[in-house]
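**Student:** Questions regarding the structure given below will be posed in turn.
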Amino acid sequence: MRQGASDCHDDAMDNSGPQFAQCREIRYCIYMVMRWTSGISLTRYVLLVTCTVSLGASAQGPVRQANTAKGNVSEQAVFSQARDRWIKRSKYRRLLAAVYRENGGGPIFFQYGQPTAAARTLYFAVKSLDEHAVDRSPYWLGYGEDNYQWKEKKKRPRRKRRRPPQPLELVSVAEPLKVAEFDVRLAHALTQYVVDFRVLHKAHPRYQQRKLESVLQRAETDILGHISRLLSVDHMRLESLWPQTSAYTVLLAARSKYRKLRQKEKAKELHLPKLNWRRWRRAYRKKKLPKKLVTELQHRLAIEGFYLGEPHGRYDHETENAVRRARRAHNLLEDGGVDYYFSIRANKSVRYRLDAINVSLQRLRESTRLRRGLSHYIRINIPAFELEVVEQGRVTRRHRVIVGNNKLDFNRHDWKQGYLNRTPLLETQVKQVIVNPRWRPPPRILDEEFEGQEKVIVEPGPKNPLGYVKFTLERTNAVFMHDTNKRAKFQKTVRAYSHGCIRVHEALDLAEYITTRYSDTDASVFSEARQSKQTRTFTLSTELPLFVEYQTVDEASSGELRFFPDVYRYDRAWVRGAAPINQARYGGGRLRPSNVPSIPRDDYKRLKAAGGKAPTEWPISAVTPEEADGKVSVE
């Protein structure tokens, strides 16, 4: 009232201003209250006070509005300064600055101190990221380890202290500093969500060594596009960033199931009996299955959901069907019973299964074909040894394939050793289909199979290792798909026998299907080329992407879960937190085959600089052809 009266007094002194009449009424009311307080009734007293307060409020209205406007300006300045300080602490400072600049610089997830619907959606989505096997510690919401980059003075260099994380709670806040902190933390979480589901490649052997700064710089436009699209709608749908495939939903359900089993196993409430294939083999020979052996089998199958009844020790029709389902889930032939291969795969621990599901979920999030949303492509899954042709989002053809083996090998021409025959994970396109191709063996194959001959050309025919058709790919470093003249190995369940190329079962049928659909070729023209012995090349006129992936847990055509062997041990390397190593220098201690000599690094550099092929012996005991040519000098 004092401030209102003084303001009214200032306006009344010059008899100008819009509040002159109202100030006079206020002074009159105050005068009447002071005069009649002693002898006035309660009703009149209440009326006079109400009148005085209402008139004072109406007189101070414009003054309060001016003060509020000044307060808003100061609050915006405080918010901007606090926002910039928090942005500098984030590893996504450049992206966050662009996001706030696009949204006008104000709060994104708070309005009038209240969290918006987008803030609540993001908060609970990050809270449930553990279901996706995604680490929540980098999200700045107080989960796991602290990820703040605090700039505090180090009083004690020997002991590095970090401020503990404060869990963010979605509550209404009035202080601009708190609004800036919570808003930037949520913006950081949204950026991390987009990066995890659309940018990073954590489980891909080729991309694991890349630095985060270079990855973000390349994908900056895509990240900002995803964030602006999410913030442009009223109801933010983070599910649109997930892999749009039914396999992801199946793996999420499987993860939930095996997590519960893992918790029971930690609490020692679950016992998984081991299947002994030798005891089963003796029982099959005697044609008598012991009750204890069958009970262990039923109990083991019931834990993973293959056997639905109660263990009773009798090998009945229901138990036989459960074994068939389990063998089918492990990509084995159904009519094998409990043999060596089934016991090896069925005896895997719950932790092993859970780790395989986690890395498979990560690889689905990293899949380029799913991120790009393609509807036509060819997909090859190395652990499944299978090729799929996908059209309009449906699998139209399936073919068995043979992929590169996992044996240690060496290349004397490139001075390399290690797992050189592993089929690389590719993102390429089918370029040409060659019928009746010629085969020119690479130098490494010439040394192994043709006794070092310089030029060998194998003409088309039944003895050609490429078979009757070859599929050339774009930018694949001499890795391609082809037919084969040795087709008996397609009957095996584990088909890793090649030198890196991909052998396709019934490759001629696949070639005819591709050429008639993706090139300007009639079926009759391809049939003539197939029957002739001349080499014919068909170039595809329509793009047909091809992806070579590594999924050890995947969805089958029936919607069931499938477990495949970790043939290249990529899963084991990912669980250990190390990038898989496929090759090393020739003669080194890492990944060295038994028939490669150990060569010190200095001698390796000297020999390689001299030119020629790598030696098969060290130290060289006799004069080699390389020495005779003067290419290698021996001290």
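**Student:** Pick out the one residue from 357, 344 that is surrounded by fewer than 17 Cβ atoms within 10 Å (Cβ to Cβ), aliphatic (A, V, I, L, M) and assigned to a helix (DSSP H, G or I).
**Tutor:** 344
**Student:** Do we find that residue 403 is open to solvent by less than 50 Å² (accessible area, probe 1.4 Å) and closer than 21 Å to residue 467 by Cα in this structure? If you could, list the steps in order and put the result at the bottom.
**Tutor:** Details: open to solvent by less than 50 Å² (accessible area, probe 1.4 Å): yes; closer than 21 Å to residue 467 by Cα: yes.
It is true that residue 403 is open to solvent by less than 50 Å² (accessible area, probe 1.4 Å) and closer than 21 Å to residue 467 by Cα.
**Student:** A further question on this structure: Of all residues in region 423-477 being among the polar types (S, T, N, Q) and over 29 Å from the mean Cα position of the chain (by Cα), which is surrounded by the most Cβ atoms within 10 Å (Cβ to Cβ)?
**Tutor:** Restricting attention to region 423-477, the residues satisfying the condition of being among the polar types (S, T, N, Q) are 423, 428-429, 432, 436, 453, 464, 472, 476-477.
Okay, now just the ones that are also over 29 Å from the mean Cα position of the chain (by Cα), so 432, 436, 453, 464.
Details: 432: 16, 436: 21, 453: 10, 464: 19.
Applying the filter and picking the extreme gives 436.
**Student:** Go through 229, 210 for me and flag whichever is at pLDDT below 90 and either surrounded by 12 or more Cβ atoms within 10 Å (Cβ to Cβ) or acidic (Asp, Glu) (or both).
**Tutor:** Within the list 229, 210, the selection yields 210.
**Student:** Taking the options 427, 454, 459, 449, name whichever one is farther than 30 Å from residue 613 by Cβ and of a type in the set (Asp, Glu). Lay out the reasoning, then the answer.
**Tutor:** On the way: 454 fails: farther than 30 Å from residue 613 by Cβ; 459 fails: farther than 30 Å from residue 613 by Cβ; 449 fails: farther than 30 Å from residue 613 by Cβ.
One residue alone meets the criteria, 427.
**Student:** Determine which member of the set 83, 136, 89, 94 is surrounded by fewer than 16 Cβ atoms within 10 Å (Cβ to Cβ), of a type in the set (D, E, K, R) and either under 31 Å from the mean Cα position of the chain (by Cα) or farther than 23 Å from residue 219 by Cα (or both).
**Tutor:** Values: 83 fails: surrounded by fewer than 16 Cβ atoms within 10 Å (Cβ to Cβ); 136 fails: surrounded by fewer than 16 Cβ atoms within 10 Å (Cβ to Cβ); 89 fails: surrounded by fewer than 16 Cβ atoms within 10 Å (Cβ to Cβ).
Being surrounded by fewer than 16 Cβ atoms within 10 Å (Cβ to Cβ), of a type in the set (D, E, K, R) and either under 31 Å from the mean Cα position of the chain (by Cα) or farther than 23 Å from residue 219 by Cα (or both) holds for just one of 83, 136, 89, 94, which is 94.
**Student:** Could you go through region 204-216 and let me know if any residue there is over 16 Å from the mean Cα position of the chain (by Cα), part of a helix (DSSP H, G or I) and not aromatic (Phe, Trp, Tyr).
**Tutor:** So far as region 204-216 goes, yes, one or more of its residues are over 16 Å from the mean Cα position of the chain (by Cα), part of a helix (DSSP H, G or I) and not aromatic (Phe, Trp, Tyr).
**Student:** A further question on this structure: So, in region 371-396, exactly how many residues are in contact (Cβ under 8 Å) with a residue 24 or more places away in the chain and under 23 Å from residue 329 (Cβ atoms)?
**Tutor:** 9
**Student:** Consider region 372-392. How many of its residues are surrounded by fewer than 19 Cβ atoms within 10 Å (Cβ to Cβ) and not in a strand (DSSP E or B)?
**Tutor:** Going through region 372-392 one residue at a time, the tally reaches 6.
**Student:** Among the residues of region 236-250, is there at least one that is within 30 Å of residue 108 (Cα to Cα), in contact with a helix residue (DSSP H, G or I) (Cβ under 7 Å, 6 or more places away or on another chain) and part of a helix (DSSP H, G or I)?
**Tutor:** Checking region 236-250: at least one residue is within 30 Å of residue 108 (Cα to Cα), in contact with a helix residue (DSSP H, G or I) (Cβ under 7 Å, 6 or more places away or on another chain) and part of a helix (DSSP H, G or I).
The values are calculated or read from the model by the stated rules, or taken from the named source; none is laboratory data. Bear in mind the structure is a predicted one, so any value in this text is a computation, not a measurement. Glycine gets a Cβ as well: all are built from the backbone with ideal geometry, and neighbour counts include every protein chain shown. Note: accessible area is taken over every heavy atom of the protein model, side chains too, but ligands, DNA and RNA are not part of it. Shrake-Rupley method; radii C 1.70, N 1.55, O 1.52, S 1.80 Å.
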